[in-house]
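Participant: Handing you this structure, nothing more for now.
The values are calculated or read from the model by the stated rules, or taken from the named source; none is laboratory data. Remember, predicted model here, so these are calculated numbers, not experimental data. Cβ: placed from backbone, ideal geometry, glycine included. Neighbour counts: every protein chain shown.
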Amino acid sequence: MTSRAAASSTNRYRIIALALFSLIALAALVAPRFIATANGASIEAEPQARASAQQRRRGAVVRPPRVDYTHFSHRTAQHQLACDNCHKFPSSNWRQVRKKDDAFPDIAEYPEHQSCLRCHRQQFFARERPAPAICSVCHVANSPRNTTRYPFPSLGAAFLNSPRGENFTSDFQVFFPHDKHIEIIGQLQPTDTLERNVSFINASFTQDKKQKEAKPADSPDKSCSVCHQTYMPQGTSDQEYVTQPPKTLSDAFWLKKGTFKTIPNGHTSCFACHSQDNTDLKPGPMDCATCHKLAPATPARTDFDPKVAAAEGINDPVMLAAWRKRTSAANFRHEGGMHPDLSCMDCHKVTTMNTLDAESRKVHVLSCGGGGAGCHVTPTSDDGGALNLELDGRKASAAFQCAKCHLIYGREQMPASHVKAIEAFQKK
């Protein structure tokens, strides 16, 4: 080997040795960092793993339900304030929502924005499109280009006929002491003012001439018709049903006209006496909480069946509102048979009635003839008593439904009060 070749070979070995040495030195520097990172990750993972295991043992974390800001509830604890914190009497629009002589000072509009901003500023300025969801509590379009609001519930028919009035259930019950009003209202002479102050009664509420003449002037319940009139009466019409029944109806139930009585909806009739000008008569129009009481979270049980109403195509808001409150007999028709000839007090114990107590509003079966009148309760089924025939049907088949008077209740066991009414009549 020449001296030049030997030198070249020696240089290659030196380069290889230098490269190997550099790699070993680099590995010595980097390896500790990888080891430290791995150890750190392991140390951090341990408490996380322990926390996850503990969470699995305790169960999933319970998160509070998401608040629905599109619906306002007076039952919310933070909303249970004095009424005048939000509602101002009278509202600025009271002359516009009712025209001319029908207008009177009233709360006829939703609270102003400032009432909401005190607590809901974050929701008011939320980055939601087309507008914050909370706007839909009052506003129809939920858009900054359309500031129209829904009619306020105190406007009665105008509210019920709006989209917001459909299937509306108030957060409140109304306390009305019939015993304190029945004599006073009965003494009032019919005047144009009185007629105007019950103007919430529309054409559908009008009674036919025969029905009006049925009650003499000295009738003990003459004051009842000031507030309660037969709604959508059949009168002399040949059409007795509210909607067209199927041809195969036979004896099955189908809602008939003249079933319900009207109930004042709004302040119109109340403020005829309890007005801003009549300061001596309490409560005044600003004493909201005297009459409006927060309803129980669980509503009273009634005989109304929404599936039946839907199947029969009943969508009249006044009719549905009255039907939902039927705590006794869902199918009872005020205009039917001899019912118009009876006194209201034959069935309704108005002097002891508490409008906040569903039990006191119930009409008891004795008023159907079990007290001795013998209309729907007779000594035997051969005498034609409807209750007798229903009891016979239930005895013959446990699946028999008492549909003469009831919807929901008619599918259940017949109460002892009904059986006792027949037995009491038989002993006389």
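Participant: Could we say that Ser162 is under 20 Å from Ala295 (Cβ atoms) and touching a Pro at 6+ places or on another chain (Cβ under 8 Å) here? Working first, answer last.
Facilitator: Numbers: under 20 Å from Ala295 (Cβ atoms): no; touching a Pro at 6+ places or on another chain (Cβ under 8 Å): yes.
Here the answer is no, as Ser162 does not meet what is asked.
Participant: Filter the stretch 396-411 for residues that are in a loop (DSSP other than H, G, I, E, B) and of a type in the set (Phe, Trp, Tyr) and give the result.
Facilitator: Phe400
Participant: Asn354 - would you say it is among the polar types (S, T, N, Q) and under 19 Å from Cys227 (Cβ atoms)?
Facilitator: yes
Participant: Ok, one more. Of everything in the stretch 65-111 that's touching a residue at least 24 places away in the same chain (Cβ under 8 Å) and acidic (Asp, Glu), which residue is farthest from Ser269 (Cα to Cα)?
Facilitator: Residue satisfying both the conditions and the ranking: Asp84.
Participant: Looking at the stretch 329-346 only, could you name the residues that are touching a residue at least 40 places away in the same chain (Cβ under 8 Å) and part of a loop (DSSP other than H, G, I, E, B)?
Facilitator: Those that are touching a residue at least 40 places away in the same chain (Cβ under 8 Å) and part of a loop (DSSP other than H, G, I, E, B): Ala329, Ala330, Asn331, Phe332, Arg333, His334, Glu335, Gly336, Ser343.
Participant: Anything in the stretch 258-292 that is in a helix (DSSP H, G or I), of a type in the set (A, V, I, L, M) and over 24 Å from the mean Cα position of the chain (by Cα)? List them, or say none.
Facilitator: Answer for the stretch 258-292, where residues must be in a helix (DSSP H, G or I), of a type in the set (A, V, I, L, M) and over 24 Å from the mean Cα position of the chain (by Cα): just Ala272.
Participant: If you don't mind, another one. Do we find a residue being surrounded by 17 or more Cβ atoms within 10 Å (Cβ to Cβ) and not in a loop (DSSP other than H, G, I, E, B) anywhere in the stretch 297-305?
Facilitator: No, every residue in the stretch 297-305 fails to be surrounded by 17 or more Cβ atoms within 10 Å (Cβ to Cβ) and not in a loop (DSSP other than H, G, I, E, B).
Participant: Could you list, in sequence order, the residues of the stretch 347-395 that are aliphatic (A, V, I, L, M), closer than 23 Å to Phe253 by Cα and either part of a loop (DSSP other than H, G, I, E, B) or in contact with a strand residue (DSSP E or B) (Cβ under 8 Å, 6 or more places away or on another chain) (or both)?
Facilitator: Residues satisfying the conditions are Val363, Val377.
Participant: Can you name every residue in the stretch 145-168 that is among the charged types (D, E, K, R) and in a helix (DSSP H, G or I)?
Facilitator: Arg164
Participant: Moving on. What is the one condition in (1) modelled with pLDDT of 90 or more; (2) of a type in the set (Phe, Trp, Tyr); (3) in contact with a helix residue (DSSP H, G or I) (Cβ under 9 Å, 6 or more places away or on another chain); (4) assigned by TED's automatic domain parsing to the domain that holds Ile314 that Tyr241 does not satisfy?
Facilitator: Against the list (1) modelled with pLDDT of 90 or more; (2) of a type in the set (Phe, Trp, Tyr); (3) in contact with a helix residue (DSSP H, G or I) (Cβ under 9 Å, 6 or more places away or on another chain); (4) assigned by TED's automatic domain parsing to the domain that holds Ile314, Tyr241 comes up short only on (3).
Participant: Now for a separate question. From the list Ala203, Ala217, Ala300, which one is at pLDDT below 90 and within 30 Å of Leu81 (Cα to Cα)? Steps first, please.
Facilitator: On the way: Ala203 fails: within 30 Å of Leu81 (Cα to Cα); Ala217 fails: within 30 Å of Leu81 (Cα to Cα).
Step by step, each of Ala203, Ala217, Ala300 is checked, and only Ala300 is at pLDDT below 90 and within 30 Å of Leu81 (Cα to Cα).
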